[in-house]
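Structure, as structure tokens:
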Amino acid sequence: MASLKWLNNQGQFGWPVNDLHIPVTTRVRTKKGQAMVITPPMITFLEEQTEALWTAGDDHWMCLLANWMIAAGCLRYRHLLRAEPRRISLSTFHGFCSKGKQKKQRSGFYFALPGHFASGWPWSKHWLAYFSKLGETIRLCRK
């Protein structure tokens, strides 16, 4: 309505818009928060591409896996860098981040991820083999 009134005044149209009132509307507020790293339809594609890169012997599969871990574990990239593996069971990868997500929770937090993709590919087994090959100094530099 404000635009229409402005156009009427600037264009000198003489339309009878002075008696029109701008309707009162309630704004729908979007919930503020962290932006999604990945949307649900992309998860399957990401899993497929990660597995394909691993099969091809391309070390970039770890980059795609990191994005999947962030999305599946509701983690931030910084938390993933600080995280340490604690236990890998037949179905689950258990990790620990040394610094908490919130100010009141700075002592760290545990998280868990599915140990297999939806296709059944055991990413955690392959990740552990890759992680074990890293030297101790490289592992400590992540923190």
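The values are calculated or read from the model by the stated rules, or taken from the named source; none is laboratory data. Quick caveat, the model's predicted, so the values are computed rather than measured. Cβ atoms come from the backbone with ideal geometry, glycine included; neighbour counts cover every protein chain shown. With ligands, DNA and RNA removed, areas are computed over all heavy atoms of the protein, side chains included. Shrake-Rupley method; radii C 1.70, N 1.55, O 1.52, S 1.80 Å.
Computed quantities for the displayed model
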quantity	calculated
Rounded tilt (10° steps) of 2-11 against the dominant C-alpha axis of the chain	50 degrees
Most to least packed among 46-55, 17-26 [average Cβ atoms within 10 Å]	46-55, 17-26
Among 95, 11, 115: highest mean-square fluctuation, GNM of the chain, C-alpha pairs under 10 Å	11
Spatial extent of the range 3-89: Rg and Dmax, with the Cα atoms as the point set, Å	26.1, 77
Relative contact order (%) - criterion: Cα under 8 Å, at least six apart; region: the chain	14 percent
Choice from 82, 106, 29 showing the highest fluctuation, given a GNM over the chain with Cα pairs closer than 10 Å	29
The chain - percent of accessible surface contributed by carbon and sulfur, probe 1.4 Å	57 percent
Proximal lysine pairs, the chain, alpha carbons under 30 Å, eight or more residues apart or interchain	20
Between helix 40-56 and the chain: long-axis angle, C-alpha atoms, 0 to 90°, nearest 10	30 degrees
1.4 Å probe accessible area per residue over the chain, in Å²	74 Å²
